[in-house]
Amino acid sequence: MIDFLLNEAGSNVVIRDSSVLLNMEFINRKDLDILPKVVDKLVSTEDIDTAIVYGIKDEVVYIVGRGVVNGELRDIINTHFSNLGKVKETNGFTLAMVPLGIAGMLSRENLLRLVDDIMIKVFFPGKTPGFSTAFDRLNEIKQLVTTQV
């Protein structure tokens, strides 16, 4: 099952140096339970030091990560997401649940693009043009929502 998920991910994977960011897109309860296993598989079988896997379920982004320097990963996740949702550490994983709020009104395509943009900017700063934190996207979200209504 995990190999299938990784094979299906295709273009939803961003790799920089020895870090990987994997978007599982819209997930169900079963997929949610598999996220930590996917992270483990990436870190243990590939030349990956840090793996972050995320997916959207019920208007919440679920983020699971593990890194060689897990405290550093925890700090990154805390800095960007703790004021928006819940962040915790358990069994060597850093976990976050971030409600989408008004962004949940976006089309599936725009929502995926928004979440991808935020995740890439948070975990690979300076690698992409754009914004400094998730809050900087609020105006764009408002514009997308009002143009779709």
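Readers should treat all values here as calculations from the given coordinates under stated rules, not as data from a laboratory. Here the structure is a predicted model, which is why all the values come from computation and not from measurement. Cβ atoms come from the backbone with ideal geometry, glycine included; neighbour counts cover every protein chain shown.
Annotations for the structure displayed:
- Label-point separation, Met97 to Asn83 (7 Å along Cα→Cβ), nm: 2.2
- Chain lengthening between Asp47 and Leu32 when straightened (0.36 nm per residue, less Cα-Cα): 3.0 nm
- Two-site label geometry, Asp58 and Glu72: point separation in nm, points 7 Å out along Cα→Cβ: 3.5
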